[in-house]
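What follows is a short report on a single structure.
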Amino acid sequence: MNAVFVVFLKEIVENLRDRRTIVNALIVGPLLGPLLFVGLTSLLISRELDRNEKPIDVPVAGAEYAPNLVAFLQQNGVRIKPAPDQPEAAVRAQEQDLVLRIPADYGEAWKSGKTAQVELLYDSSQRDAASSVERLRATLQAYSGQAGALRLMARGLSPALASPLAVASRDQSTPQSRSALLFAMLPYFLILSAFMGGMYLAIDTTAGERERQSLEPLFANPVARSRILAGKLAATFAFAMASLSLSLLAFGYAGGFIPTEKIGMVLDFGPHFAAVALLCMLPLVLLATCLQTLISAFAKSYREAQTYLSLLMLVPMLPSALLAVLPLKAQAWMFAVPLLSQHLIVTRLVRAEAVSLQQLALCLGSGFLAAAAVAWITAQVYKSEKLAVSG
Amino acid sequence: MIEVDDLHKAFGKVQAVAGVSFAARDGEITGLLGPNGAGKTTTLRMLYTLMTPDRGSVRVDGIDAATDANAVRRRLGVLPDARGLYKRLSARENIEYFARLQGLDAATTRTRCDALIAALEMADIAERRSEGFSQGQRVKTAIARALVHDPRNIILDEPTNGLDVMATRAMRRFLLQLREEGRCVLFSSHIMQEVAALCDRIVVIAKGRVVAAGTADDLRAQTGEANLEEAFVRIIGSDEGLAA
């Protein structure tokens, strides 16, 4: 039997017998992402829907001064509530999202044809209230427009006179592009599952083996260290890919539970998404496997390796965080940067946008090149005399 | 047959080995005696090609370790100072892993494993996972996997370290049996009684150098001491780091 395969097989068997590795690599790692993603998106979507469809509650102070206005509001999905004693304080303390105050002289002003004033109290730093404020403002504007048109017509004038310019907004965004933020985290969840899948083997096969003092006897066998390393990398890679595949399966299953159709969005978690995502992740998983093993080779103990690798897991969050804050336009060169390219491709795939062959080739080429470079460095470290000697 | 010529090895400014030469012959037990920190483990590590000497050469059965390390490793059975097992594998699986790495076929692997499990009296632990093994059981498993490819030359670094009296006696019997089979046995120790009781030839190392070599009688004659223990102390210059 080939020595590389012997090492590979032994690492797989040994780690399949470790409950901690199984739980972390094949259960928690693959399921964490899909569960979080589905949970978060469902929450976001249902909250968005609630806001637009549900009647909003508006505390109104002085409702008795403007019965017609209040009736209009009620007809347009506003539930009138009694106002608190100190409206300003209540809004500032975030006890109320907004308060509408109608002054006592409202009726007088209205009747004499002057501009009547109502006060809308809100806190613009409270983003949660923004959509309610916007809806109430629009409803009040509509009332104002309607009353104004009626007054003009009563005087025999055309309502068009009072509005020389009308702005017609034509939003060109698609539901997919509006939910960009929603998807910025998705590639990270996939990468995370691959990282978690390989992490325990990377530590166990290098830092762990040295700590348990079994690396020195292993190196006394007539097998080149690079071949031993190859077997260990293959086992780590296999676990990482298994974790990623399970994660994609879980996304495919859980994606059905996201109520995307309610906001007219298309989410593609089907076989095509899974296949292309798996392909474009291949070089990144290989790169991660080599990096994890390289870092473990430098660590003096299992614990130390675990600390370093946990920090390494934060690195793939960078493009996700960056693209969420600064929505960059995808340039061709970005597809040649490992991590960034996976991020872009996965995001495109899930939005059912096309990924060109050239983009995919750039992603694969640069990824495998980077992985090969790190693998070469790891092989050099494996050759060092210090590696085998513990303590 | 293991021949060592003028080995040197430094770690930074520390000269761990500074000129070690000796030969360990087939059918003999050669003991490497020296106080702790004398350079025994480093010397052995260069023998089984874990480390490359700064200067000097190692030849096993006439093969130069510098030119064909894999051929040398194939001819060596090694029980290093580090003897960690894979605790999620059974004793037999631990041995089989090394057999496959040595390139043995399935049939040979099985017969060699069975033979070693019988010879080392470890049938009761063969199918058990090695997690929770006693020190003696661990050493037995480590020896079995070191000898699975039936090597002509055997290197053991402090083989009785941490063993109780019964296990130590069993180990000594086993070393004598290996000698009877005509193998070349080389082991290191800082325990004088053990070296005196077992070895055909003794190489005394202190401060990275060979300070004396020969049979027990040679060493006694050389120092003029009738007592071997006194002879060692005289050779090394102090009794620090030695155990009776």
>> I need the full set of residues from the range B:199-224 which are more than 14 Å from residue B:40 (Cβ to Cβ) and out of contact with any Phe, Trp or Tyr (no Cβ under 9 Å at 6 or more places or on another chain), in order please.
In response: B:200, B:214, B:215, B:216, B:217, B:218, B:220, B:221, B:222, B:224
> Which ones in the range B:136-165 are within 13 Å of chain A (Cβ to nearest Cβ), in contact with a Leu (Cβ under 8 Å, 6 or more places away or on another chain) and over 26 Å from residue B:59 (Cα atoms)?
Replying inline: B:138, B:139, B:141
>> When you scan the range A:144-155, do you find a residue that is outside any loop (DSSP other than H, G, I, E, B), within 36 Å of the chain's Cα centre (by Cα) and among the hydroxyl-bearing types (Ser, Thr, Tyr), even just one?
In response: no
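Can residue B:125 be described as in contact (Cβ under 8 Å) with a residue 12 or more places away in the chain, among the aliphatic types (A, V, I, L, M) and within 14 Å of chain A (Cβ to nearest Cβ)?
Values: in contact (Cβ under 8 Å) with a residue 12 or more places away in the chain: yes; among the aliphatic types (A, V, I, L, M): yes; within 14 Å of chain A (Cβ to nearest Cβ): no.
Here the answer is no, as residue B:125 does not meet what is asked.
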> Which condition number does residue A:384 fail, the rest of (1) in contact (Cβ under 8 Å) with a residue 24 or more places away in the chain; (2) within 14 Å of chain B (Cβ to nearest Cβ) being met?
Replying inline: (1)
> Do we find that residue A:138 is without any contact (Cβ under 8 Å) to a residue 12 or more places away in the chain, outside any loop (DSSP other than H, G, I, E, B) and of a type in the set (Gly, Ala, Ser) in this structure?
Replying inline: yes
> Any idea which of (1) hydroxyl-bearing (Ser, Thr, Tyr); (2) under 15 Å from residue B:24 (Cα atoms); (3) within 17 Å of the chain's Cα centre (by Cα) is the one residue B:215 doesn't satisfy?
Replying inline: (3)
> Of all residues in the range B:1-29, which are under 24 Å from residue A:219 (Cα atoms) and β-branched (Val, Ile, Thr)?
Replying inline: B:2, B:4, B:17, B:20
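Here is a yes/no grid of residues against (1) buried (at least 24 other Cβ atoms within 10 Å of the Cβ); (2) under 19 Å from residue B:154 (Cα atoms); (3) within 14 Å of chain A (Cβ to nearest Cβ):
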site: B:12; (1), (2), (3): no, no, yes
site: B:40; (1), (2), (3): yes, yes, no
site: B:63; (1), (2), (3): no, yes, yes
site: B:68; (1), (2), (3): no, yes, yes
>> Restricting to the range B:94-105, name every residue that is more than 7 Å from every other protein chain (Cβ to nearest Cβ) and surrounded by 21 or more Cβ atoms within 10 Å (Cβ to Cβ).
In response: B:94, B:95, B:96, B:99
>> Tell me yes or no: at least one residue of the range A:125-137 is acidic (Asp, Glu), at pLDDT below 90 and crowded, with 19+ Cβ neighbours inside 10 Å.
In response: no
> Can residue A:5 be described as out of contact with any His (no Cβ under 8 Å at 6 or more places or on another chain), of a type in the set (Phe, Trp, Tyr) and within 14 Å of chain B (Cβ to nearest Cβ)?
Replying inline: yes
>> Pairs needed: first member in the range A:206-225, outside the structural domain of residue A:292 (by TED's automatic domain parsing); second member anywhere, buried (at least 23 other Cβ atoms within 10 Å of the Cβ) and modelled with pLDDT of 90 or more; C-beta distance under 6 Å; at least 6 residues apart or different chains.
In response: none
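Listed residues A:56, A:22; which is in contact with a Lys or Arg (Cβ under 7 Å, 6 or more places away or on another chain) and either within 30 Å of residue A:185 (Cα to Cα) or touching a residue at least 24 places away in the same chain (Cβ under 8 Å) (or both)?
A:56
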> For the range A:283-320, how many residues meet the condition of being of a type in the set (A, V, I, L, M, F, W, C), surrounded by fewer than 19 Cβ atoms within 10 Å (Cβ to Cβ), assigned to a helix (DSSP H, G or I) and touching a residue at least 12 places away in the same chain (Cβ under 8 Å)?
Replying inline: 4
> Does residue B:83 count as within 13 Å of chain A (Cβ to nearest Cβ), under 18 Å from the mean Cα position of the chain (by Cα), under 20 Å from residue A:3 (Cα atoms) and touching a residue at least 12 places away in the same chain (Cβ under 8 Å)?
Replying inline: no
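The values are calculated or read from the model by the stated rules, or taken from the named source; none is laboratory data. What you see is a predicted model, and the numbers here were worked out from it, not measured in a lab. Here the Cβ is made from the backbone with ideal geometry for all residues, glycine too, and neighbour counts use every protein chain on show.
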